[in-house]
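Have a look at the structure below, then the notes.
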Amino acid sequence: MSPSRPGPSGGGPGAPGASGDPRAPDAGGYGAPRRFWRALDRRRPPGVATLDRSWRSPLRGPWLTAVHGSVLLVALPLVIVTGLLDYAAYGPRFGQAFPHDVGWLRLPVFDWPTRPAWLFRVTQGLHVTLGIVLIPVVLGKLWSVIPKLFDWPPARSLAQVLERLTLLLLVGGILFQTATGLLNIQYAYLFGFDFYTAHYFGGWVFLGAFVAHVVLKLPRLGTALRSRPFGAELRTPVAGTRPEPPDPDDLVAARPAPATVSRRGAVGLVGGATLLLAALTVGQTLDGPLRRTALLLPRGRDNGPGPNGFPVNRTVAAAGVRPEETGPGWRLTLRAGGRTVTLDRPALLAMAQHTAALPIACVEGWSTRQTWTGVRLRDLAALVGVDSLAAARVSSLEKAGLFRTAVLAPNQVLDPDSLLALRVNGVDLSPDHGFPARVIVPALPGVHCTKWVSDIDFQGRADG
Ligand SMILES: Nc1nc2c(c(=O)[nH]1)N[C@H]1C(S)=C(S)[C@@H](COP(=O)(O)O)O[C@H]1N2
Ligand SMILES: [Mo]
């Protein structure tokens, strides 16, 4: 027993003595090859002991880690599943989900439904909102285990090396996914790689590490939560706050200092930060006055008055669409099986008009529901005479840009609320919202609601 490693003090009655302190050098528990692990253990880098003694918060321990862990255990699967669903919503089978080539990480392909109309609004909103509001919980959990990063020896067996590698992927993964996600919704492409590719594969790395971590730690989580009744802990003030008894994972400090904050205070701080982030974020997915509370978000909270006063992702100027292209000379071209039909805006307005209240939900997290009026896409398909529809490619006047064209699946063309919208909230579309005509389809990701439409190519099953 090293004299520099006194046993835990203040552990309360029943705290085991120092004899079983696994942190003591040469405490054993080595796997094969034993001599290697023991030699590693004995070669402590300078400073390790000092560092270990300087983590002294009496709050660290299995209970605090488990409280954070149980929140993440419930919430992170939602973030993961909604993230993967959003990939599916982009229509991978038309080659328009990013990244295109995901090798054997391909998910079973299914046609993204058009019902319920708010489906993408919810999956996307949950993914982004939870990803943001969980940040304090993630940081709180990292804080609770941070001394473990400086443990010596870093492992005592090969199995532990593997376990610690999954931790590296787990922590690295969540920090990477959060950072790239946040930068993406702020439009800050500071990194030198493609966001979609990085976030997609980063997601799988994190998913793998998360599953491994849950399998390894779930029993610990249960024990730790049962060790201290939550309600009693929340009634304990600073004065009554004692360190937890030493634990097999060494989360409890070797020499805890007196408490300056209670566990109630720590949990309250994290919970408060989470609620604050939620309050500053959810507004972007709500309509009405609450949208103004989305203070953290770049997409205008105030998009001006009037029927066209809702968020714009890419303006007509940014898209490089010139006024003369959208004036009286504008034509819509429909194609199917070698036939072509050309219509101007008055001709479209003379067709049967349909009105539907549908959300537009952007992958960057904001969404809004508006009332759109225009011609049903299925009426346009019938006009040009398409049979056994396989897909429809919609193209924009926009000449460059990733989102100048989109492919719609048959269910997305045929839904009775799927529109080539000409008007919104009772007035003509504004130039920024896609005048003369834009696509709006229930549950379709905003990115595929093409603005400034010029062409629609309907492909039949025989056309290939
Ligand atoms: N031609 C074209 N259409 C487009 C885009 C674009 O860049 N070019 N952006 C899309 C994206 S990402 C979104 S979220 C919606 C937003 O529609 P809004 O600006 O009318 O709110 O338009 C979509 N339509
Ligand atoms: Mo978007």
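Every number here is computed from the coordinates shown, using simple stated rules; none is lab data. No experiment lies behind these values; they were computed from the predicted model shown. Here the Cβ is made from the backbone with ideal geometry for all residues, glycine too, and neighbour counts use every protein chain on show.
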| Cα-based helix-to-principal-axis angle, 135-145 vs the chain, degrees rounded to 10 | 20 degrees
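Let a ≥ b ≥ c be the square roots of the eigenvalues of the Cα gyration tensor of the stretch 390-464; is it rounded (a/c under 1.5), or, if not, prolate (a/b larger than b/c) or oblate? Before the final figure, lay out each step's value.
On the way: a/c = 2.11, a/b = 1.39, b/c = 1.52.
Note, shape of the stretch 390-464 comes out oblate.
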| Taking neighbour Cβ counts within 10 Å as the exposure measure, how do 236, 129, 50 sort from fewest upward? | 50, 236, 129
| request: Please work out the Cα center distance from the stretch 47-101 to the stretch 392-464, rounded to the nearest Å. | output: 36 Å
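Within the chain, what's the longest run with no chymotrypsin sites (Phe, Trp or Tyr not before Pro) in a DSSP loop and at most 10 other beta-carbon atoms within 10 Å? Give the range, please.
Numbers: sites that count: 110, 187, 193.
With chymotrypsin sites (Phe, Trp or Tyr not before Pro) excluded where exposed in loops, the chain gives 194-464 as its longest stretch.
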| said: If you scale each eigenvalue of the Cα gyration tensor by 5 and take the root, what three semi-axes come out for the chain, rounded to whole angstrom and sorted largest first? | reply: 57, 24, 17
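Among 456, 146, 132, which comes first, then next, by fewest other beta-carbon atoms within 10 Å? Please list the in-between numbers first.
Details: 456 25, 146 12, 132 22.
Listed from fewest to most nearby Cβ atoms, that is 146, 132, 456.
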| field | Listed residues 327, 129, 252: farthest to the positive end of the dipole of the chain (Cβ charges) | value | 252
| remark: With -39,500 (n - 2.57) per DSSP H segment of 4 or more residues and division by the full residue count of the chain, the 222 nm estimate, nearest 500 deg cm²/dmol, is -12500 deg cm²/dmol
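Test of understanding: express the Cα radius of gyration of the stretch 169-292 as a ratio to 2.2 N^0.38 Å, with N the residue count.
Values: Rg = 19.6 Å, N = 124, 2.2 N^0.38 = 13.7 Å.
So the Cα radius of gyration is 1.43 times the expected 2.2 N^0.38 Å.
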| Mean shadow of the stretch 191-243, computed from the convex hull of its alpha carbons, in nm²? | 6.7 nm²
| task | For the chain, find the longest principal axis of its Cα atoms and tell me its angle to the long axis of helix 195-227, 0 to 90°, nearest 10. | result | 40 degrees
| request: Report the charge-dipole magnitude of the chain in Debye, nearest 20, computed about the Cα centre from +1 at each Lys and Arg Cβ and -1 at each Asp and Glu Cβ. | output: 1520 debye
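With the contact rule set at Cα under 8 Å and sequence spacing of 6 or more, what percent relative contact order holds for the stretch 266-371? Don't jump to the answer; show the numbers that get you there.
Numbers: 96 pairs, mean separation 20.4, N = 106.
The normalised contact order for the stretch 266-371 reaches 19 percent.
On average, how much area does the Cα convex hull of the stretch 68-193 cover when viewed from any direction, in nm²? It would help to have the intermediate numbers written out before the result.
Values: hull surface 41.8 nm².
Taking the Cα atoms of the stretch 68-193, their convex hull projects to 10.5 nm² on average.
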| query | Once a ≥ b ≥ c are taken as the square roots of the eigenvalues of the Cα gyration tensor of the stretch 316-463, is the result rounded (a/c under 1.5), prolate (a/b larger than b/c) or oblate (a/b not larger than b/c)? | reply | rounded
| In debye, nearest 20: dipole of the stretch 23-282 around its Cα centre with unit charges on the Cβ of K, R (+) and D, E (-)? | 940 debye
| task | Choose one of 273, 354, 427: the residue whose Cα lies farthest towards the positive end of the charge dipole of the chain (beta-carbon charges +1 Lys, Arg; -1 Asp, Glu; about the Cα centre). | result | 273
| Mean projected area in nm² (Cα convex hull; one quarter of hull surface) for the stretch 23-282 | 17.3 nm²
| So how tilted is helix 119-133 from the main axis of the chain? Cα-based, degrees 0 to 90, rounded to 10. | 30 degrees
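Quick check on the stretch 108-149: what are the equivalent-ellipsoid semi-axes from the Cα gyration tensor, as sqrt(5λ), descending, whole Å? Don't jump to the answer; show the numbers that get you there.
On the way: eigenvalues 246, 33, 4 Å².
Semi-axes, largest first: 35, 13, 5 Å.
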| remark: Footprinting proxy, 139, 377: sorted fewest to most Cβ within 10 Å, the residues are 139, 377
| task | Please report the relative contact order for the chain, taking Cα pairs under 8 Å with a sequence separation of at least 6, and give it as a percent rounded to a whole number. | result | 19 percent
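Explain nothing, just the number: relative contact order of the stretch 23-282, from Cα pairs under 8 Å at least 6 residues apart, as a whole percent.
Working: 259 pairs, mean separation 92.4, N = 260.
It rounds to 36 percent for the stretch 23-282.
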| said: What lysines does residue 451 reach when the alpha-carbon gap must be under 16 Å and sequence neighbours fewer than 8 apart in one chain are set aside? | reply: 399
